[in-house]
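Peer 1: Please see the structure below; I have some questions.
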Amino acid sequence: MNPMTTEQLLYIAIPPALLLASGALALNRTPSARLRSGLLHFAAGVVFAVTAVEIIPDLLREHQPLETVIGFALGVLAMLGLRSLTHQDEQLTRADSPLGAVAADAQGGPKLPVTLLVGVGVDLVVDGLLIGIGFAAGAKEGRLLALALTAELVSLGLAVGASLKSRSITARRGMGAIGALAVTFVVGASLGTTLLSNVSDHVLTVVLSFGAAALLFLVTEELLTEAHEEKETPAMTAMFFGGFLLFLVLGMVM
């Protein structure tokens, strides 16, 4: 286990910082559905680019099929389990606080959607671990993955902030909840970066294939699925390809 470098700390700090900023924005001004859809398309493009350009080529160079199959299968199973957890949390939250009604806590104020926040927190821990996987593959991969996940966390901050505002949660309590979510991301990234710094080639292949599966799942089953809830337009589609092209070029010059 190696301590994190200053560069790693900087790149780990960027996504949660923008999660806080976007969450604060949404708590004060609800973002439009089109804006959020555009950001989701862009995030999907950049995450897909990092996976295709950086993670998968590393797996091909390692040339360890068995470890790749094991890690990829574990990644898919983990993401399916995570999706099941978060979807159950969302359903419970809707049942506890239906549209148009606001649940109250013991003090009589609006109740935080705890189940939803827990589900998002688990998701952020996994996202943080993915940055650790990126830095385990190399500094360049870690930097690009941190920037790619930043786009996702901006979208997530807007979504969570808007959800809390719709429940009449005060800005102060809302920022406290979003701050707690940011901490879960930092914890996951810190654990991943320190624990995966000196693993063997076999373990690294399992970890990289796990990360590739998780990132592909994130793009196809989460980001694009949510993005398509808004009416699709050529501009929205262009956001996906723009994000992909941007990070493809960054991968060449960084």
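The values are calculated or read from the model by the stated rules, or taken from the named source; none is laboratory data. Computed from a predicted model, the values in this text were never measured in an experiment. For neighbour counting, all protein chains shown are included, and Cβ atoms are generated from backbone atoms with ideal geometry for every residue, glycine included. SASA here: full protein model, heavy atoms, side chains in, ligands and nucleic acids out. Shrake-Rupley method; radii C 1.70, N 1.55, O 1.52, S 1.80 Å.
Peer 1: Please count how many residues of the stretch 157-177 are modelled with pLDDT of 85 or more and open to solvent by 20 Å² or more (accessible area, probe 1.4 Å).
Peer 2: Residues flagged as modelled with pLDDT of 85 or more and open to solvent by 20 Å² or more (accessible area, probe 1.4 Å) within the stretch 157-177 amount to 7.
Peer 1: Give me the pairs: first residue in the stretch 6-23 and over 12 Å from M175 (Cα atoms) and among the aromatic types (F, W, Y), second residue open to solvent by 30 Å² or more (accessible area, probe 1.4 Å) and assigned to a helix (DSSP H, G or I), beta-carbon distance under 7 Å, and six or more apart or on different chains, which are they?
Peer 2: Matching pairs, first to second residue: Y11/R143.
Peer 1: Taking only pairs six or more apart or across chains, which ones have beta-carbon atoms under 6 Å, a first residue in the stretch 113-131 that is within 24 Å of L10 (Cβ to Cβ), and a second residue that is hydroxyl-bearing (S, T, Y) and modelled with pLDDT of 80 or more?
Peer 2: Listed pairs, sorted by first residue: G121/T184; L124/T184; V125/T184.
Peer 1: Here is a follow-up. Can you report the number of residues in the stretch 13-30 which are outside any loop (DSSP other than H, G, I, E, B), out of contact with any Pro (no Cβ under 9 Å at 6 or more places or on another chain) and open to solvent by 20 Å² or more (accessible area, probe 1.4 Å)?
Peer 2: Count: 8.
Peer 1: Further question: Which one of these does K111 not meet: (1) farther than 30 Å from A212 by Cβ; (2) open to solvent by 60 Å² or more (accessible area, probe 1.4 Å); (3) out of contact with any strand residue (DSSP E or B) (no Cβ under 8 Å at 6 or more places or on another chain); (4) at pLDDT below 90?
Peer 2: (3)
Peer 1: Can you pull out the residues in the stretch 192-201 that are in a helix (DSSP H, G or I) and surrounded by 15 or more Cβ atoms within 10 Å (Cβ to Cβ)?
Peer 2: Result: G192, T193, T194, L195.
Peer 1: When the stretch 136-156 is examined, which residues are found to be open to solvent by 20 Å² or more (accessible area, probe 1.4 Å) and either within 18 Å of S22 (Cα to Cα) or modelled with pLDDT of 85 or more (or both)?
Peer 2: R143, L147, V154, L156
Peer 1: Now for a different question. Just give me the residues in the stretch 202-217 being open to solvent by 10 Å² or more (accessible area, probe 1.4 Å) and either in contact with a Phe, Trp or Tyr (Cβ under 6 Å, 6 or more places away or on another chain) or more than 10 Å from D58 (Cβ to Cβ) (or both), in sequence order.
Peer 2: Within the stretch 202-217, H202, V203, V206, V207, F210, L216, F217 qualify.
Peer 1: For the stretch 31-83, enumerate the residues that are outside any helix (DSSP H, G or I), over 24 Å from L248 (Cα atoms) and at pLDDT 85 or above.
Peer 2: The one that is outside any helix (DSSP H, G or I), over 24 Å from L248 (Cα atoms) and at pLDDT 85 or above: Q64.
Peer 1: Let me ask another. Tell me whether the stretch 225-232 contains one or more residues that are surrounded by fewer than 22 Cβ atoms within 10 Å (Cβ to Cβ), within 15 Å of the chain's Cα centre (by Cα) and at pLDDT 85 or above.
Peer 2: Within the stretch 225-232, one or more residues are surrounded by fewer than 22 Cβ atoms within 10 Å (Cβ to Cβ), within 15 Å of the chain's Cα centre (by Cα) and at pLDDT 85 or above.
Peer 1: Here's another thing I want to ask about it. Against the condition surrounded by fewer than 13 Cβ atoms within 10 Å (Cβ to Cβ), over 16 Å from K165 (Cβ atoms) and modelled with pLDDT of 80 or more, how does L124 come out, does it pass?
Peer 2: No; evaluated as a whole, the condition is false for this residue.
Peer 1: Could you list, in sequence order, all residues of the stretch 84-98 that are of a type in the set (S, T, N, Q) and modelled with pLDDT under 65?
Peer 2: T86, Q88, Q91, T93, S97
Peer 1: Can you confirm whether V187 is assigned to a helix (DSSP H, G or I) and more than 21 Å from F42 (Cα to Cα)?
Peer 2: yes
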